[in-house]
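The values are calculated or read from the model by the stated rules, or taken from the named source; none is laboratory data. Bear in mind that the values here come from a model prediction, so they are computed numbers and not experimental data. Note: ideal-geometry Cβ built from the backbone for every residue, glycine included; neighbour counts use all protein chains shown.
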Amino acid sequence: MKTKNLFPALMILAFAGLFFSACHKDSNKITPVKATLYDSLGGTAMVADPANPGKMIEKGYLGIRSVVDSTIFIIAADNRINGHFTTLLSEVSHKNLSGFDELSMNISTFVAVGTGAKDYTYMGMNMVDAHDPAKNPRMNGKATNADFNAFEADLVAGANKNHVPANLITSLGKIVESLRSQVVQM
Ligand code: HEM
């Protein structure tokens, strides 16, 4: 009689045991979080933005923007390819930095999103239109393969200037290389 009365309670205990052991297993399970290239470049940690006093910025974005800005300066002095940037260079020589600021933001955001940033949205033109002078009059003439090689070399120089580790430069280089056919349209 007693045994019969205990049966439902034992069943509940048995199910509860199964349930809790399943939960226990789940809570012990390590869900691997794959680090992105963006994480390696500094990730989402917030740091002071040296260009905007009082504002914070993701460390990954700041690192990328520093490389992009250095690279734009290197390109501006590179006679192999600076002829494509005549509009920008003319603006800067007249102390108008609006085009520079927009290009810096667009390339930085493009690279940030491409390397895994989640808190930024690229709002610029797609890579084909951005490098088609018919669609983007700021692009002075179509880029050749040689132009693209020079651009890559300038980007590596910009990354080195900002002490980006060699392995991360290699990873960035692979992403850039994957875009060659969209940028070189001749
Ligand atoms: C994978 C390599 C490259 C990337 C990721 C890239 C990215 C970009 C981006 C995001 C923009 C801005 C688009 C917009 O304003 O909506 C841009 C503009 C431009 N790109 Fe590139 N680009 C690359 C290679 C090149 C090369 C090889 C050249 C020529 C040597 C070039 C020349 C230009 C020029 C002249 C502009 C317009 C600049 C301005 O706004 O004044 N790009 N690029």
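Within region 133-186, the set of residues being touching a residue at least 60 places away in the same chain (Cβ under 8 Å), within 8 Å of the ligand (Cβ to nearest atom) and of a type outside the set (A, V, I, L, M) comprises 147, 151. Tell me yes or no: at least one residue of region 74-84 is assigned by TED's automatic domain parsing to the domain that holds residue 171, touching a Leu at 6+ places or on another chain (Cβ under 9 Å) and either surrounded by fewer than 12 Cβ atoms within 10 Å (Cβ to Cβ) or free of Cβ contacts under 8 Å to residues at least 40 places away in the same chain (or both). Looking for residues that are assigned by TED's automatic domain parsing to the domain that holds residue 171, touching a Leu at 6+ places or on another chain (Cβ under 9 Å) and either surrounded by fewer than 12 Cβ atoms within 10 Å (Cβ to Cβ) or free of Cβ contacts under 8 Å to residues at least 40 places away in the same chain (or both), one finds at least one in region 74-84, hence yes.
Candidates in region 30-68 are the residues that are free of Cβ contacts under 8 Å to residues at least 40 places away in the same chain and in a helix (DSSP H, G or I); of these, the one that is surrounded by the fewest Cβ atoms within 10 Å (Cβ to Cβ) is 59. All of (1) within 7 Å of the ligand (Cβ to nearest atom); (2) more than 26 Å from residue 171 (Cβ to Cβ) hold for residue 103 with one exception: (2).
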